[in-house]
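Notes follow once the structure below has been shown.
The values are calculated or read from the model by the stated rules, or taken from the named source; none is laboratory data. Only a predicted model underlies this, so the values are computations on that prediction, with no experimental measurement involved. Every residue, glycine among them, receives a Cβ derived from its backbone with ideal geometry; neighbour counts consider all protein chains shown.
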Amino acid sequence: MPMDPGPCLWDLPDPAVAEPGQDLLAVGADLSPSTILEAYRRGLFPMHVETEELGWWSPDPRGIVPLANLRVTRSLRRSMHHFEFSVDQAFAEVMRGCSEGRKDGDWINEEFHQAYGQLHRMGWAHSVEVWQGGTLVGGLYGIEIGGLFAGESMFHRVRDASKAALVALVETLRSGGGDPESRLLDVQWCTDHLATLGAVEVPRRDYLAALDRALGMEPALGLRH
């Protein structure tokens, strides 16, 4: 079982009463394990704003990948035969891959590396690694609480490696027990890239309802440790 970090010391906002379309709900607080986990349970996630202050976000609409919606093209399925996969074997390296050499990875600063590394050691943060010939070529990481997997970022060093990581994650979640359609794979915002893989946008109220159902489930990745 993951380690209990104790109660959150901050009064985090409730997305259920936020203005529709308002994504940034608060600034401040900290990245302690109890704060981060309480935020995800409420439907929030941390990311710095332009002023470098720590922001707490709940996008409306929210990007999710319904597990039954995952789109795997023939070319991607062929690519997957050239990869090997693992879970939680190179968490720090995956985080570095998501942040290094990428403009959109700038928000994953050293503070985030330390915070999520601690959550990984406590059993809450997980990574999916993609290997080729013994070399790490892609992966993703995120937070798992019950049936919620909150995807944070992914990366690739060879073609299709990040997509393959997502496929491997979805297959793991589907095999995690319980009703797989009650599991919630959160991707924060639905980008064009994620949409090609089956991501969709849902109103915040629908996301929060799905989150409430998912939190009562057993974890899928955590059961492997």
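Conditions tested, residue by residue: (1) of a type in the set (Phe, Trp, Tyr); (2) under 20 Å from the mean Cα position of the chain (by Cα); (3) assigned by TED's automatic domain parsing to the domain that holds GLY117; (4) surrounded by fewer than 12 Cβ atoms within 10 Å (Cβ to Cβ).
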position: MET1; (1), (2), (3), (4): no, yes, no, yes
position: GLU19; (1), (2), (3), (4): no, no, no, yes
position: ALA29; (1), (2), (3), (4): no, no, no, no
position: LEU37; (1), (2), (3), (4): no, yes, no, no
position: THR51; (1), (2), (3), (4): no, no, no, yes
position: SER58; (1), (2), (3), (4): no, yes, no, no
For the stretch 99-135, how many residues are at pLDDT below 95, assigned to a helix (DSSP H, G or I) and either outside the structural domain of ALA165 (by TED's automatic domain parsing) or in contact with a helix residue (DSSP H, G or I) (Cβ under 8 Å, 6 or more places away or on another chain) (or both)?
2
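Scan the stretch 158-186 for residues that are free of Cβ contacts under 8 Å to residues at least 40 places away in the same chain and assigned to a helix (DSSP H, G or I) and jot them down.
Correct list: SER162, GLU171, SER182.
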Being of a type in the set (Gly, Ala, Ser), touching a Gly at 6+ places or on another chain (Cβ under 9 Å) and at negative phi narrows it down to one of SER34, SER79, SER75, so name that one.
SER34
